[in-house]
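Peer 1: One structure is given below, represented as structure tokens, and several questions about it will come after.
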Amino acid sequence: MISQGLPYSRLAHITRTLFALIFLGAAPLLCQTLPGSEIVLSTDRPSVTNSSVVVPQGGLQFENGLLVTHTQDHFVLDLPETSVRYGLLDKTELRLTVPDYFYNLPSGTGTTSGFGDIAIGVKQQLGPLPGSFGLSVIFFLSLPSGANAISSHGYGPALQLPWSRKLSDHWTLAGQVAIYWPTQAGKHNFAGETTFYLDRQLSKPWDAFVEYAGDFPERGGSRQLLHFGTAYKLARHHQIDFHVAVGLSCTAPDSFVGFGYSFLLFPK
């Protein structure tokens, strides 16, 4: 099922409305007291590997950032990389990926800038399991809402299985196995993904990681990355992050660099 995408004016209206609903819904929470100090923010970003735990029930989490990608002397800036996660049940969360805006540099190359597609999903935590092993399953579906030159023009289902294993008080090993069916050139292109992630807790609020991430599509070459990043908790429910990556295969980006800010809100 191929969509022709939405006109830019309509897409802009949808995006503005979406942001308004999100922030109007969150605004009453900004002045409210957060619950128990034992709850600490756990984000999917900045690693490719998602967190193996869900947002606590009743929590509303915003993960935001920007990324600059370099590929063959061409640069793309995308933002706001906003993911909205809501803790629906004790081990279940709802997920919304807000459309990113992709700005191509330099503008004289003939490439087009615009909004990408929106995605909705659900995450179910299966752990913690014996042996300090965490596991979750994530299902999401991207919808062809983006600009004509950016959108996939089709529906893209995906399934992700992020896992983690605490090795000690300071070291955590994690990874993710995923399968994707993105629409490319009017057809679904099945792709598998494998990631491995090693995290070091440098201090109570500060950690750093190194990660391998590889995508292996049915059509086209593999996209493999070596990824480094760090995150610092300004408070239990506020985090900033920074990350960089280099491509390991010819079809991967040459490099990218990004940073972000995430926060967790609760009702009374």
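Peer 1: Within segment 202-216, which residues are over 14 Å from Gly229 (Cβ atoms), assigned to a strand (DSSP E or B) and either open to solvent by 50 Å² or more (accessible area, probe 1.4 Å) or touching a helix residue (DSSP H, G or I) at 6+ places or on another chain (Cβ under 7 Å) (or both)? First the steps, then the outcome.
Peer 2: First, the residues of segment 202-216 that are over 14 Å from Gly229 (Cβ atoms): 203-205, 214-216.
Adding the requirement that they be assigned to a strand (DSSP E or B) leaves 203, 214-216.
The answer is Phe216, and nothing else.
Peer 1: Could you list all residues from segment 174-191 that are aliphatic (A, V, I, L, M) and touching a Ser or Thr at 6+ places or on another chain (Cβ under 7 Å)?
Peer 2: Of everything in segment 174-191, those that are aliphatic (A, V, I, L, M) and touching a Ser or Thr at 6+ places or on another chain (Cβ under 7 Å) turn out to be Ala174, Val177.
Peer 1: So for segment 83-100 (the condition being assigned to a loop (DSSP other than H, G, I, E, B), within 15 Å of Ser51 (Cβ to Cβ) and not basic (Lys, Arg)), does at least one residue qualify?
Peer 2: no
Peer 1: Working only within segment 115-147, note down all residues that are of a type in the set (Ser, Thr, Tyr) and open to solvent by 30 Å² or more (accessible area, probe 1.4 Å).
Peer 2: Within segment 115-147, just Ser132 meets the criteria.
Peer 1: Specify the residue that is nearest to the chain's Cα centre (by Cα); the eligible residues are those in segment 59-91 that are closer than 18 Å to Ala119 by Cα and open to solvent by 50 Å² or more (accessible area, probe 1.4 Å).
Peer 2: Result: Leu79.
The values are calculated or read from the model by the stated rules, or taken from the named source; none is laboratory data. Keep in mind that this is a model prediction, so the values were computed, not measured. When we count neighbours, we look across all protein chains shown, and the Cβ atoms used for this are built from the backbone with ideal geometry, even at glycine. Protein only, heavy atoms only, side chains kept; ligands, DNA and RNA dropped before computing areas. Shrake-Rupley method; radii C 1.70, N 1.55, O 1.52, S 1.80 Å.
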